[in-house]
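The values are calculated or read from the model by the stated rules, or taken from the named source; none is laboratory data. Quick caveat, the model's predicted, so the values are computed rather than measured. Cβ placement follows ideal geometry from the backbone for every residue including glycine, while neighbour counts extend to all protein chains displayed. Note: accessible area is taken over every heavy atom of the protein model, side chains too, but ligands, DNA and RNA are not part of it. Shrake-Rupley method; radii C 1.70, N 1.55, O 1.52, S 1.80 Å.
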Amino acid sequence: MSGFVTNEGKQEYINSYHEAMSYLPQPFESKMLNTDFGKVKLYKFQEEETPDKIPLLLLPGKGSATPIWEANLKDFLKHRPIYTIDLIGEPGLSIETKRIKTNMDQAIWLKQVLEQLPEEEINLLGLSFGGWSAANLAIKHPEKIQTLILVEPVYVFGPIPLKMILVSIPASVPAVPKSIRERMLSYISGGAEIDESEPTAKLIETGMRTFKSKLPMPEKVKTEHLKKLKMPVLGILAGQSTMHHSEKSFQIGVENLRNPYSNMVLFEDASHAINGEYPEKLLQTIEDFLKHIE
């Protein structure tokens, strides 16, 4: 199953994780949820002014965990309660206890997380691989999902380009030199230099080095499945992304999302690291969408 390669690596990661979490607002609640495929670390963040608003549940990208939302969380909280989880099979505090073999398995454990939340409805937001996880769940188990927000999702509106796949293969091996991982992260971030003094960047690099994921490859979402999504969907893509062909992916979303409240938005100058590059614009786009639905 997915897990840390060594106990020393696990402890190093946990230390980096707690350091990165210290830059986030204090969680209102923190717990482990049991699912058929493992234990899921869940946090709830809330301010006193917004307890009755429908929460956002945030799913992080591949190789990342709750601290990835450091640039966004404080502002998100001004508008509604926020749930975050660490994905099973990725670096974080969630623990895989039964091998996840299929994309249906991925949907089952995430469905079981939503079932344990007290709210009747949830706004589900996924970033990158978390965007695919959110879409995969919405297609297979749409219950409780009021809206689906996909920020730079992979395998949803188009495939990952071959160049990106080739670049990422060596970086996914824990034993490869640190410089290779940093070059890959820089490529994903539109050429930005990786600053390891920044806690979230340090955490991602540590996870890539100490954790081995054995999750199945995501199946690309078919256009007929996009057409069948009944809830409003907001797709936010980056014009300079290395994870898909942005203009083509944008058009696929426009042509196949059928709910009249669904919308596609393109941030022309953003890279795949969109949530850190444009936090205010991202917040405004998401809140305009949710207020229109509400």
Checklist entry - Which is out of contact with any Lys or Arg (no Cβ under 7 Å at 6 or more places or on another chain), of a type in the set (A, V, I, L, M) and either under 28 Å from Leu57 (Cα atoms) or modelled with pLDDT of 65 or more (or both), of Ile149, Ile169, Ile180? => result Ile149
Checklist outcome for this item: Among residues of the stretch 67-110 being of a type in the set (Ser, Thr, Tyr) and assigned to a loop (DSSP other than H, G, I, E, B), the residue surrounded by the most Cβ atoms within 10 Å (Cβ to Cβ) is Ser94
Next on the checklist: For the condition open to solvent by less than 30 Å² (accessible area, probe 1.4 Å), closer than 30 Å to Gly38 by Cα and among the polar types (S, T, N, Q), what is the one hit in Thr242, Thr206?
Outcome noted: Thr206
Next on the checklist: Only one of Ser133, Ser64 is in a loop (DSSP other than H, G, I, E, B) and surrounded by 17 or more Cβ atoms within 10 Å (Cβ to Cβ). Can you tell me which?
Outcome noted: Ser64
Next on the checklist: Can you find a residue that is touching a residue at least 24 places away in the same chain (Cβ under 8 Å), over 22 Å from Ile236 (Cβ atoms) and not aliphatic (A, V, I, L, M) anywhere in the stretch 51-71?
Outcome noted: yes
Checklist entry - Just one of the numbered conditions (1) polar (S, T, N, Q); (2) farther than 23 Å from Asn256 by Cβ; (3) in contact with a helix residue (DSSP H, G or I) (Cβ under 6 Å, 6 or more places away or on another chain) is not true of Asn136; which one? => result (2)
Checklist entry - Does Phe28 fit the bill of being more than 19 Å from Thr206 (Cβ to Cβ), aromatic (Phe, Trp, Tyr) and open to solvent by less than 60 Å² (accessible area, probe 1.4 Å)? => result no
